[in-house]
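Okay, so here's the structure we're looking at.
The values are calculated or read from the model by the stated rules, or taken from the named source; none is laboratory data. Keep in mind that what you see is a predicted model, and the values were worked out from it rather than measured. Positions of Cβ are backbone-derived with ideal geometry, glycine not excepted, and every protein chain shown enters the neighbour counts. Heads up: the accessible areas ignore ligands, DNA and RNA and are worked out on the full protein's heavy atoms, side chains in. Shrake-Rupley method; radii C 1.70, N 1.55, O 1.52, S 1.80 Å.
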Number of protein chains: 2
Amino acid sequence: VSDGDAGRLVERARGGDLRALARLVSLIEDGAPELRQIMRALAPATGRARVIGLTGAPGVGKSTITGALVKEYRSQGHRIGVLAVDPSSPFTGGALLGDRIRMQDHATDASVFIRSMASRGQLGGLAAATPQALRVLDAAGFDLILIETVGVGQAEVEIASLADSTIVLVAPGMGDAIQAAKAGILEVADVFAVNKADRPQAQQTVRDLRNMIALAPAAEGPQWKPPIVATVATTGEGVPELAARLDAHWSWLADTGERDRRRLARAREEVAALAVAALRQRMGRLPGGSGLDEVAGQVADGKLDPYAAADQLIGTLVTAKD
Amino acid sequence: VSDGDAGRLVERARGGDLRALARLVSLIEDGAPELRQIMRALAPATGRARVIGLTGAPGVGKSTITGALVKEYRSQGHRIGVLAVDPSSPFTGGALLGDRIRMQDHATDASVFIRSMASRGQLGGLAAATPQALRVLDAAGFDLILIETVGVGQAEVEIASLADSTIVLVAPGMGDAIQAAKAGILEVADVFAVNKADRPQAQQTVRDLRNMIALAPAAEGPQWKPPIVATVATTGEGVPELAARLDAHWSWLADTGERDRRRLARAREEVAALAVAALRQRMGRLPGGSGLDEVAGQVADGKLDPYAAADQLIGTLVTAKD
């Protein structure tokens with residue numbers, strides 16, 4: 001697309017054209033050069049959407065809960081965007097070996113936009129692409145955005161932390177709560193959902209979580225005690241309560257000033273990720289003799305330690321003309 | 001520790017003192033200020049160890065295979081270091097809720113050093129801490145180092161790519177091979193191990209993998225076709241063959257020049273990660289009015305788009321005195 005096309009694409013997306021919206025997300029995934037124009041055009045219309053993160057290990061039922069939450073919030077009149085940044089999500093891998101898309105109930109509903117995210121050429125990977133896709137949906141008038149991530153790995157935890165409210169989903173048995181604790185995702189939970197609550201060990205999992213919450217050191221700032229909701233996503237059991245707890249957290253965020261604080265933190269991470277990625281790119285093309293390849297070669301040969309090499313590189317970077 | 005202590009610690013670790021070694025890894029996890037001295041002292045002694053990465057989804061048997069490989073290579077006279085950077089690993093989460101450490105066979109063997117890695121204060125997180133821990137083990141004379149990571153998430157894939165040879169472990173059934181494909185870990189495999197090969201669907205998983213390998217686009221540079229080894233880690237079945245395939249890959253790396261190329265790439269990533277983390281830190285403390293908080297605030301308010309904010313930030317950064 002040309003620059004003018006980028007502007008028109010933004011206008012069409014803001015006017016409710018889902019195909020334009022999908023095209024914008026693809027441009028984000030590809031790291032297209034027009035992103036600068038697109039983000040400039042979007043900026044004044046952003047900052048309205050409420051963002052809910054959903055994370056948990058593969059197999060706990062994230063996609064089914066996402067579908068149930070979409071249905072619940074849709075019935076309350078919200079326009080809902082879903083971004084799946086889970087590499088194990090059936091949304092993400094849809095084309096591969098014929099996974100079934102479970103969201104087909106909503107596929108023809110113009111008030112629901114569902115999109116899996118990949119990172120093909122994007123500076124900074126999914127950590128940069130996801131907030132940009134958020135901006136697009138936000139500006140297009142989706143007032144509630146669900147981000148689904150798999151709860152293993154640092155990048156996934158960081159993406160979860162983009163949200164205003166984060167649901168951590170665990171399933172009974174199989175040590176899921178313990179796995180979650182190890183992966184550091186308990187700390188990001190605003191609401192816990194114990195899914196597959198019709199299984200025998202569900203009560204034990206709820207107790208384990210309650211103990212872990214009680215033992216957790218108090219965070220700084222206003223205190224919120226994450227509630228635990230039992231759900232059976234396949235039947236919808238517990239989903240209205242889950243939504244109610246999320247709504248309570250949303251109110252709490254506003255009342256305490258946490259909402260603004262989280263949004264500032266989100267913008268800070270987004271800007272820093274872009275700046276860091278741009279600097280990383282500059283490092284790769286510094287003039288010969290002092291660039292990344294040269295200092296890395298000296299490190300590989302044991303002639304220079306990595307800190308001294310990084311110092312040299314930064315020295316070159318801040319004095320070089322880009 | 002003081003600077004002098006750092007030097008003595010390095011000497012003791014190089015002399016075979018496992019407690020000094022453990023202390024050095026803790027300093028790395030903590031991002032201690034002495035790391036600069038430590039890395040400078042270590043640099044001339046590094047670059048000798050052979051690094052094997054092992055990755056796969058939770059539950060495929062990574063820790064058991066690691067134990068079996070340690071036993072196999074130990075019997076060949078190697079000194080072996082193990083770094084577990086898997087948040088779901090029983091090594092990593094050992095203290096939590098009394099997980100059993102399966103490696104106790106080797107706990108009293110001075111030629112085996114097993115350590116889980118966490119990232120508490122380290123600049124750049126595990127992506128920076130892991131290569132530093134590698135350097136410590138390398139300089140201390142461990143000639144074979146196994147890095148265990150969970151195969152979900154970008155950070156984990158990057159850590160796997162630190163290795164000279166990477167094993168991707170899958171288990172029959174449960175769509176593990178497909179999950180692996182989605183997470184992008186198939187591309188990093190030099191050797192596949194289908195563990196739990198005594199299960200009925202094992203042959204199907206081997207066939208699936210063979211098809212995926214056949215369909216994969218050819219990478220640039222010298223070609224290596226990843227072999228598939230069937231293992232039963234609990235009995236040790238297939239482990240000698242796995243080691244033999246790894247040895248064949250190690251020879252191939254040397255013969256083709258790939259070994260040097262991979263090591264240069266590893267050094268490049270390590271230096272870039274440190275430089276980027278240092279720049280990220282500088283961003284947080286730029287003089288008032290033009291720092292990260294200020295531009296992020298304008299982004300949160302929709303007055304500035306994130307790219308323009310990142311440009312401003314970089315402009316300030318490269319002209320500011322640190």
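Does A:ALA68 meet the test of being at pLDDT 80 or above and within 23 Å of A:ARG263 (Cα to Cα)?
No.
For B:ARG245, indicate whether it is part of a helix (DSSP H, G or I), within 14 Å of another protein chain (Cβ to nearest Cβ) and open to solvent by 10 Å² or more (accessible area, probe 1.4 Å).
no
Mind telling me which of the residues B:ALA277, B:ALA272, B:ALA309 ends up being closer than 26 Å to A:ARG40 by Cα and either more than 8 Å from chain A (Cβ to nearest Cβ) or free of Cβ contacts under 8 Å to residues at least 24 places away in the same chain (or both)?
Every option except B:ALA309 fails the conditions.
Just need a number here: residues in region B:9-33 that are open to solvent by 50 Å² or more (accessible area, probe 1.4 Å) and among the hydrophobic types (A, V, I, L, M, F, W, C).
So the answer is 1.
Does A:PRO222 fit the bill of being closer than 23 Å to A:GLY61 by Cβ and touching a helix residue (DSSP H, G or I) at 6+ places or on another chain (Cβ under 7 Å)?
No; evaluated as a whole, the condition is false for this residue.
Is it the case that region B:34-54 has a residue that's surrounded by fewer than 24 Cβ atoms within 10 Å (Cβ to Cβ), more than 14 Å from chain A (Cβ to nearest Cβ), farther than 22 Å from B:ALA110 by Cα and over 17 Å from the mean Cα position of the chain (by Cα)?
No, every residue in region B:34-54 fails to be surrounded by fewer than 24 Cβ atoms within 10 Å (Cβ to Cβ), more than 14 Å from chain A (Cβ to nearest Cβ), farther than 22 Å from B:ALA110 by Cα and over 17 Å from the mean Cα position of the chain (by Cα).
Do we find a residue being more than 28 Å from B:GLY173 (Cα to Cα), within 30 Å of the chain's Cα centre (by Cα) and within 14 Å of chain A (Cβ to nearest Cβ) anywhere in region B:284-294?
Yes, the conditions are met somewhere in region B:284-294.
Restricting attention to region A:304-319, and to residues there that are over 16 Å from B:GLU269 (Cα atoms) and among the β-branched types (Val, Ile, Thr), which single residue is modelled with the highest pLDDT?
Among residues in region A:304-319 that are over 16 Å from B:GLU269 (Cα atoms) and among the β-branched types (Val, Ile, Thr), the one modelled with the highest pLDDT is A:THR316.
List, please: which pairs have Cβ atoms under 8 Å, are six or more places apart or on different chains, and start with a residue in region B:129-158 that is more than 19 Å from A:ASP305 (Cα to Cα) and open to solvent by 10 Å² or more (accessible area, probe 1.4 Å) and end with one that is modelled with pLDDT of 90 or more and assigned to a loop (DSSP other than H, G, I, E, B)?
B:ASP143/B:ARG48; B:ASP143/B:ALA49; B:ASP143/B:HIS78; B:ASP143/B:ARG79
Only residues that are more than 19 Å from B:ARG48 (Cβ to Cβ) and open to solvent by less than 60 Å² (accessible area, probe 1.4 Å): list them for region B:259-283, please.
B:VAL271, B:ALA272, B:ALA273, B:LEU274, B:ALA275, B:VAL276, B:ALA277, B:ALA278, B:LEU279, B:ARG282, B:MET283
Output the number of residues of region A:127-156 satisfying the condition of being at pLDDT below 65, in contact with a helix residue (DSSP H, G or I) (Cβ under 6 Å, 6 or more places away or on another chain) and of a type in the set (A, V, I, L, M, F, W, C).
The number of residues fulfilling the criteria is 1.
Taking the stated definitions as given, is B:VAL229 among the β-branched types (Val, Ile, Thr), surrounded by 20 or more Cβ atoms within 10 Å (Cβ to Cβ) and in contact (Cβ under 8 Å) with a residue 40 or more places away in the chain?
For B:VAL229, the condition - among the β-branched types (Val, Ile, Thr), surrounded by 20 or more Cβ atoms within 10 Å (Cβ to Cβ) and in contact (Cβ under 8 Å) with a residue 40 or more places away in the chain - is not met.
A:GLU220 passes all but one of (1) surrounded by 19 or more Cβ atoms within 10 Å (Cβ to Cβ); (2) among the acidic types (Asp, Glu); (3) not in a helix (DSSP H, G or I); which number fails?
Condition not satisfied by A:GLU220: (1).
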